[in-house]
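The values are calculated or read from the model by the stated rules, or taken from the named source; none is laboratory data. In this text the structure is predicted, and so the values were computed from the model without any measurement. When we count neighbours, we look across all protein chains shown, and the Cβ atoms used for this are built from the backbone with ideal geometry, even at glycine.
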Amino acid sequence: MSDAIDYLLQARPEAMQPYFSFLKQSGKKLDPKTRALISVISKVHGRTERGFRQYLTRALRVGCSADEVLDALLAAFPMIGLSGLIWATDILLDMDLPEFKPEALGSEPQWHTVGRIDEIDDGVSRLACDNRELFIYRNGDVIKVYDSRCPHQVTNIPQLALSDCTLTCPKHEWQFDISTGECIAKGNRPLTEFEHKIEDGRLLAYW
């Protein structure tokens with residue numbers, strides 16, 4: 001939420017609170033994916049980059065696929081026009097999301113080989129796997145596989161952001177306990193954890 005909205009909520013709560021109540025109530029009969037896609041389109045129509053990034057992240061979090069987001073943008077062409085479509089696509093390219101890479105479009109979730117389990121030491125490793133970067137936490141038989149992207153605005157968190165078991169996103173300083181994935185400061189959402197298994201001496205992750 002912007003500083004301006006925060007200010008108006010404090011200065012004129014009697015005017016602003018009914019508006020936000022209306023927003024919360026509107027679309028309650030829609031499923032989460034449809035509601036999220038409508039919100040994405042509304043941010044493209046209004047050319048609100050921060051909002052577009054925020055609601056695009058939310059759409060992916062509630063289960064929208066990259067293909068569904070692209071279809072929604074194309075279906076909204078009569079409203080957003082070519083310039084709006086290009087504006088949104090430029091932001092998508094800047095966000096560099098693995099889901100939107102051409103080779104990933106249309107693919108179903110599958111198991112990916114992260115590496116040999118005997119080559120993954122205790123502690124935290126950062127590895128690349130099939131166009132995605134991962135943080136691997138290992139403590140003996142306990143293994144966690146996380147997306148390296150912050151759940152806030154999908155910033156790709158670097159290895160240098162790790163101090164002991166605390167991972168800090170450099171963009172907005174959300175902090176995470178890498179041993180659990182839980183957000184411990186600033187934010188309210190955990191790291192994205194991928195299902196994993198060990199098979200034939202290999203660590204596999206599912207996305």
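Which of the residues spanning region 122-131 are modelled with pLDDT of 95 or more and either in a loop (DSSP other than H, G, I, E, B) or of a type outside the set (A, V, I, L, M) (or both)? Walk me through it before giving the result.
The initial filter retains those residues of region 122-131 that are modelled with pLDDT of 95 or more, namely 122-129.
Across region 122-131, the qualifying residues are ASP122, GLY123, SER125, ARG126, CYS129.
Within region 10-25, the set of residues being at pLDDT 90 or above and either outside any loop (DSSP other than H, G, I, E, B) or touching a Lys or Arg at 6+ places or on another chain (Cβ under 6 Å) (or both) comprises GLN10, ALA11, PRO13, GLU14, ALA15, MET16, GLN17, PRO18.
Only a single item in (1) of a type outside the set (D, E, K, R); (2) crowded, with 18+ Cβ neighbours inside 10 Å; (3) under 28 Å from LYS171 (Cα atoms) is not met by ILE80, and it is number (3).
Cβ-Cβ distance below 7 Å, separation of 6 or more or different chains: which pairs start in region 91-109 with a residue that is on the phi > 0 side of the Ramachandran plot and end on one that is crowded, with 17+ Cβ neighbours inside 10 Å? Partner pairs satisfying both residue conditions: none exist.
Looking at ASN131, ASN188, which one is under 22 Å from ALA59 (Cβ atoms), of a type outside the set (Ser, Thr, Tyr) and free of Cβ contacts under 8 Å to residues at least 12 places away in the same chain? Write out each step before concluding.
Values: ASN131 fails: free of Cβ contacts under 8 Å to residues at least 12 places away in the same chain.
It is ASN188.
You will find that of ARG138, ARG149, the residue that is crowded, with 21+ Cβ neighbours inside 10 Å and either in contact with a Phe, Trp or Tyr (Cβ under 7 Å, 6 or more places away or on another chain) or not assigned by TED's automatic domain parsing to the domain that holds ARG61 (or both) is ARG149 and no other.
Would it be correct to say that ARG58 is in a helix (DSSP H, G or I) and touching a residue at least 60 places away in the same chain (Cβ under 8 Å)? Show your work before the answer.
Details: in a helix (DSSP H, G or I): yes; touching a residue at least 60 places away in the same chain (Cβ under 8 Å): no.
No, not satisfied.
Within the bounds of region 67-74, is there any residue that is farther than 29 Å from ASP130 by Cα and in contact with a helix residue (DSSP H, G or I) (Cβ under 7 Å, 6 or more places away or on another chain)? Scanning region 67-74, I find no residue that is farther than 29 Å from ASP130 by Cα and in contact with a helix residue (DSSP H, G or I) (Cβ under 7 Å, 6 or more places away or on another chain), so the answer is no. When the residues of region 155-207 are filtered to those that are in contact with a helix residue (DSSP H, G or I) (Cβ under 8 Å, 6 or more places away or on another chain) and part of a strand (DSSP E or B), which remaining residue is nearest to ASP94 (Cα to Cα)? Residue satisfying both the conditions and the ranking: THR168. For region 68-102, filtered to residues that are under 19 Å from the mean Cα position of the chain (by Cα) and not in a helix (DSSP H, G or I), the residue that is farthest from VAL40 (Cα to Cα) is PRO102. Looking only at residues in region 94-121 that are of a type in the set (D, E, K, R) and within 30 Å of PHE52 (Cα to Cα), the one that is modelled with the lowest pLDDT is GLU108.
Take ASP94 and tell me if it is exposed (fewer than 13 other Cβ atoms within 10 Å of the Cβ) and either touching a strand residue (DSSP E or B) at 6+ places or on another chain (Cβ under 8 Å) or β-branched (Val, Ile, Thr) (or both). In short, no.
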